[in-house]
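Participant: After the structure tokens below, expect a handful of questions from me.
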Amino acid sequence: MAARPTPSSARPVQGDGDGDQQQHPRRPFSAVLITVPDGDGPGSPSLPASSSDAMAAALLDHAGAAGSDDGALMEAEDERPRPWGQSFSLWHATVVVFALAALAAAGYVSLYAGRGAGAAWRLLEAREEGEDHGGRRSFLLLLYPKPRRGGAAGNLTAATSTSTGNVFPTGLYYTTVPIGNPSRDYFLDVDTGSDITWVQCDTPCRSCAKGAHPSYRPAQSNIVPASDPLCDRVQRNPNECNYDINYADRSSSMGAYVRDNMQLISEDGERENIEIVFGCGYDQRGILLDTLENTDGMLGLGSRAISLPTQLASRGIISNVFGHCMTTDPSGGGYLFLGDDYIPRWGMTWVPVRNGPADNTRRSQLQQVNHGDQKLNVQGKLTQVIFDSGSTYTYFPHEAYTNLVAAVSLKGASPRFVQDDSDNTLPFCMKADFSVRSVDDVKHIFKPLSLQFEKRCFFSRTFNIRPEDYLTISDKGNVCLRVFDGTAIGYDSVIIIGDAFLRGKLIAYDNAENQIEWIDSDCTDPSKQSRIPFFLRRVLRNKLL
């Protein structure tokens, strides 16, 4: 019952005894009614009439009654304090449920969604799992592991930095993309560290590898003119729309831009032909000539206008989000998605990213690198991190690298590992005092790596790397470290996370919100995800429909 305002002064109440007016202050919201037995009984006490009259008047005054005494007594009875269990009504329960739901939603948006006010609004706008994105959709491409190659690792150690800042084009995974009309399949390396998608092209080709498929041949009408608006942002020659990309391993590709159909598979299994601008590479140099024995070119997934996700997003075909999921089993492959329908909306860890000052590569600020409980970098010294699916290996700054080598050497421990300089498989390999056939034989001996990013809402954001991901076994049966010294490629303050370290995680790159998100996953079942946490789905649906 709503509280009545208390007057600043008492008001007169008529007594029913001798007609005199008595002043009774207003009672604060409740009263106690004492029932006294009839005074005629033996031993029964009696109260003065004036006292009884005053109490009745007080009750009538509190209830605002001008009539019957029964109404006053009933209201007084209603206002008695009741036990909590009896007073907890359905209304209170509803309020509590909605309060808890609001807190859960706030925590979800704060800790995991990371998409700012826009994300919170989109969450409240969600009508159901299959909500309409204004015509936007998502596409799915399967990832396949590349055949193992020998001898490439030694070449990577001699790589130097380049002015373009693109990372490595020699990753472990590729995807199949049908191009042209009629379409033909091409195998493209998946590279989040560069922007340009290109295929080997016969126009004619100056320097091309054999490739997995015959070179692409564009029609004259496919060649992008220098006057094209997209060309204005990427060309170097004002008279031609061409490209010249240099990678950190000293490889390069040169060619002209063309526009042709690329066939993509939507989330409902439909094949769609979409016109895309990509590179027609007629001059490849360096290690690319070796790696292109198994593939035909590169799928650039950077953030510039020429990248495949940005082209699709700028035309409203997808949201400006893409990602990949690689199975923990190196032979299992995984999948790549364009658009946000395959991203879980609950449990994702996210970190903000910004583009590098010179190379436009996504970088996140890292606070600490650990091997188990041991810190590998200077405490408080910020390090930048690049997630690069186009790099087979991972690169640490010199200090973190040397500390990691010392940590995994396990000097004086049993079993004993001794560095084997005669093994050139990778820069650092160790011989054990027992037979080693696979990483499974030694992974329990080593500790995981962890990259600790800035905390949010008192919760740490950590990217964990298992020993079986940062170790490999050479042909000599030695245990080798998949981590390189970044000074060899000019990255002494940057960590480059290669695709071997990205296994077992669904990783999303949100170009619209400038952030990277991840969550552990077996990467075996690409499925369209709900946009709302399961415990809020029904409540939000009922409220918003």
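The values are calculated or read from the model by the stated rules, or taken from the named source; none is laboratory data. Just so it is clear, the model here is predicted, and its values are computed rather than measured. Neighbour counts are summed over all protein chains in view; Cβ atoms, including those assigned to glycine, are modelled from backbone coordinates with ideal geometry. For accessibility, only protein heavy atoms count, side chains too; no ligands or nucleic acids. Shrake-Rupley method; radii C 1.70, N 1.55, O 1.52, S 1.80 Å.
Participant: Which of (1) open to solvent by less than 20 Å² (accessible area, probe 1.4 Å); (2) farther than 13 Å from Ile497 by Cα is the odd one out, the single condition Ser391 does not satisfy?
Facilitator: Here Ser391 meets the rest and fails (2).
Participant: I've got another one for you. Considering every residue within the range 304-320, establish whether at least one is assigned to a strand (DSSP E or B), at pLDDT 90 or above and within 29 Å of Ile519 (Cα to Cα). Please lay out each step first, then the result.
Facilitator: To start, the set of residues in the range 304-320 that are assigned to a strand (DSSP E or B) comprises none.
Taking every residue of the range 304-320 in turn, none turns out to be assigned to a strand (DSSP E or B), at pLDDT 90 or above and within 29 Å of Ile519 (Cα to Cα).
Participant: Scan the range 447-464 and tell me whether some residue there is of a type in the set (Val, Ile, Thr), open to solvent by less than 70 Å² (accessible area, probe 1.4 Å) and in contact with a Pro (Cβ under 8 Å, 6 or more places away or on another chain). Write out each step before concluding.
Facilitator: Within the range 447-464, the subset of a type in the set (Val, Ile, Thr) is 462.
From what's left, open to solvent by less than 70 Å² (accessible area, probe 1.4 Å): 462.
Imposing the further condition that a residue be in contact with a Pro (Cβ under 8 Å, 6 or more places away or on another chain) reduces the set to none.
No, there is no match, as no residue in the range 447-464 is of a type in the set (Val, Ile, Thr), open to solvent by less than 70 Å² (accessible area, probe 1.4 Å) and in contact with a Pro (Cβ under 8 Å, 6 or more places away or on another chain).
Participant: For the range 488-498, how many residues meet the condition of being at pLDDT below 85 and either on the phi < 0 side of the Ramachandran plot or under 27 Å from the mean Cα position of the chain (by Cα) (or both)? Outline the logic, then answer.
Facilitator: In the first step, residues of the range 488-498 are kept if they are at pLDDT below 85; the result is 488-493.
Those left that are additionally either on the phi < 0 side of the Ramachandran plot or under 27 Å from the mean Cα position of the chain (by Cα) (or both): 488-489, 491-493.
Adding up the residues that qualify gives 5.
Participant: Residues Leu288, Leu264: which one is closer than 21 Å to Pro178 by Cβ and of a type in the set (A, V, I, L, M, F, W, C)? Can you show your working first?
Facilitator: Details: Leu288 fails: closer than 21 Å to Pro178 by Cβ.
Going through Leu288, Leu264 in turn, the sole match is Leu264.
Listed here are the residues, each with its yes/no results for (1) within 32 Å of the chain's Cα centre (by Cα); (2) part of a strand (DSSP E or B).
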| residue | (1), (2) |
| --- | --- |
| Asn246 | yes, yes |
| Gly255 | no, yes |
| Leu264 | yes, yes |
| Asn273 | yes, yes |
| Cys280 | no, yes |
| Leu289 | no, no |
| Leu299 | yes, yes |
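Participant: Tell me which residues, restricted to the range 207-222, are over 30 Å from Ile507 (Cβ atoms), surrounded by fewer than 20 Cβ atoms within 10 Å (Cβ to Cβ) and either under 36 Å from the mean Cα position of the chain (by Cα) or among the small types (Gly, Ala, Ser) (or both).
Facilitator: Ser207, Ala219, Ser221
Participant: Next question. Could you say whether any residue in the range 227-239 is over 23 Å from Ser314 (Cα atoms) and at pLDDT 85 or above?
Facilitator: To start, the set of residues in the range 227-239 that are over 23 Å from Ser314 (Cα atoms) comprises 237-239.
From what's left, at pLDDT 85 or above: none.
Among the residues of the range 227-239, not one is over 23 Å from Ser314 (Cα atoms) and at pLDDT 85 or above, which makes the answer no.
Participant: Working only within the range 185-206, note down all residues that are more than 34 Å from the chain's Cα centre (by Cα) and buried (at least 16 other Cβ atoms within 10 Å of the Cβ).
Facilitator: Taking the range 185-206 first, the residues more than 34 Å from the chain's Cα centre (by Cα) are 201-206.
Once the filter is applied, which keeps residues that are more than 34 Å from the chain's Cα centre (by Cα) and buried (at least 16 other Cβ atoms within 10 Å of the Cβ), the range 185-206 yields Cys201, Thr203, Cys205.
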